[in-house]
1. Return an integer: the convex hull volume of the alpha-carbon atoms of the range 1-78, in Å³ per residue.
2. Enumerate cysteines in the chain without a disulfide-compatible partner, where compatibility requires another Cys Cβ under 4.7 angstrom.
3. Are there trypsin sites (Lys or Arg not before Pro) in the range 87-169 that DSSP marks as loop and that have at most 14 other Cβ atoms within 10 Å, and which are they?
4. Dividing the alpha-carbon Rg of the chain by 2.2 N^0.38 Å yields what?
5. Report the percentage of all Cα-Cα pairs in the range 140-263 whose separation exceeds 20 Å, rounded to a whole percent.
6. On average, how much area does the Cα convex hull of the range 109-202 cover when viewed from any direction, in nm²?
7. Of the listed pairs Lys124/Lys177; Lys139/Lys188; Lys176/Lys282; Lys6/Lys177, which have alpha-carbon separations greater than 27 Å here?
8. Carbon-plus-sulfur fraction of the accessible area of the chain, 1.4 Å probe, in percent?
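The values are calculated or read from the model by the stated rules, or taken from the named source; none is laboratory data. Source: prediction; values computed, not measured. Here Cβ is always computed from backbone atoms with ideal geometry, including for glycine, and neighbour counts include all displayed protein chains. Keep in mind that these areas ignore ligands, DNA and RNA; they rest on the heavy atoms of the full protein, side chains included. Shrake-Rupley method; radii C 1.70, N 1.55, O 1.52, S 1.80 Å.
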Amino acid sequence: MKNSIKAVEITSFGGPENMQLVDKPVPVPGPGQVRVRLAAIGVNLIDTYHRTGLYPLNLPSGLGVEGAGEVEAVGAGVDLPLGTRVALTLALGAYAEAIVLPATALIPLPVSIGFEQAAAVLLKGMTVDYLFNDTFPLKGGETVLFHAAAGGVGLIACQWARHMNVNLIGTASTDKKCALAESHGAKKCVLSGAQNLAETLKPLAPDGGFPVVYDSVGKDTYHLGLEVLAPLGTFASFGNASGAIEAVSPQDLAANGSLNFTRPTLATYMGIPGWMQQSSAKVLQLVEDGVLSVEINQRYGLEEVQRVHEDLEARATTGCSIITP
Ligand SMILES: NC(=O)c1ccc[n+]([C@@H]2O[C@H](COP(=O)([O-])OP(=O)(O)OC[C@H]3O[C@@H](n4cnc5c(N)ncnc54)[C@H](OP(=O)(O)O)[C@@H]3O)[C@@H](O)[C@H]2O)c1
């Protein structure tokens, strides 16, 4: 075995060019830890927030938070066979050939789930799980608005909504993306750049407006969401693709019908004892059952990491992207 691994590192916040592929000593697991040799690395928009410093990290830092592979070494007190197939999510430093993390943070993988599938679906699927089952629990029959419906989280949301008998109205930036969202279960997807988008969306909502808007676009769609929500509706803000919402005004929430505004994060749910195990098992079961097909539409090598971020930020991707170390 080589005594070094390749890993992506940033020493300052900035553009994709700040990410460098460097050689690092093979990390050694301490007590309670394991080293996973990664076979597939997941790509999430949060990786770009880490790179730019929107979500600050201590520098220098690794990047990437998701992957899947095999246990290669274990620290004291860990009773896990080498070669065990696992996935990891919200584990900073996953843009690498190998990563060390606590054994308790591992997600066991059934043999029916490929490494690429796992690395692509878990973080995004668990996000849809909490959005649909906790942030604004859906029962079936609702008509909801979901932005960026052809993205990684978006295509999973379309399929999950169809499974729950929920009418998901999506938005996306191109006709091709809209067609993709609809083929994955969106009831209807409209162009996000449409002139007067609110007027296009209102006839698609139940009388009075949408009961919930799932918004990961942020700055560009904040006012639109307020406008198309029904009285007492919920604005579930879960991302910043266009930039962070600068300020949420209680007056806006009042004037648009006593709205609720919430800003959930997967990290909060992962902090609830037992939640990760239960939610990851649910997502993997939906993949096994064929409810969720994992659309991996972009594949890159680790040395192409700058292009990964350029494509994501240029809105040039659909579904999930994977890096092969
Ligand atoms: N809070 C949480 O727990 C949590 C967890 C996971 C993901 N998220 C959020 O969920 C969203 C989706 O994540 P993902 O990894 O699956 O990414 P993604 O949806 O595959 O990519 C982001 C998409 O956002 C849309 N977008 C709209 N305005 C944009 C802009 N100005 N610049 C770039 N993209 C823009 C683009 O779709 P169009 O071209 O169709 O507009 C783009 O493809 C992200 O905002 C992410 O931060 C939140």
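1. Numbers: hull volume 8.3 nm³, N = 78.
Residue-normalised Cα hull volume stands at 107 Å³.
2. For the chain, the answer is Cys158, Cys320, because their Cβ atoms have no other cysteine Cβ under 4.7 Å.
3. Working: sites: Lys124, Lys139, Arg162; in loops: Lys139.
Counting only loop positions with at most 14 other Cβ atoms within 10 Å, the trypsin sites (Lys or Arg not before Pro) in the range 87-169 are Lys139.
4. Details: Rg = 19.9 Å, N = 325, 2.2 N^0.38 = 19.8 Å.
After normalising by residue count via 2.2 N^0.38 Å, the value is 1.00.
5. 37
6. 6.6
7. Working: Lys124/Lys177 18 Å; Lys139/Lys188 19 Å; Lys176/Lys282 30 Å; Lys6/Lys177 34 Å.
Where the Cα-Cα span goes over 27 Å, the pairs concerned are Lys176/Lys282; Lys6/Lys177.
8. Solvent-exposed carbon and sulfur of the chain make up 53 percent of the total.
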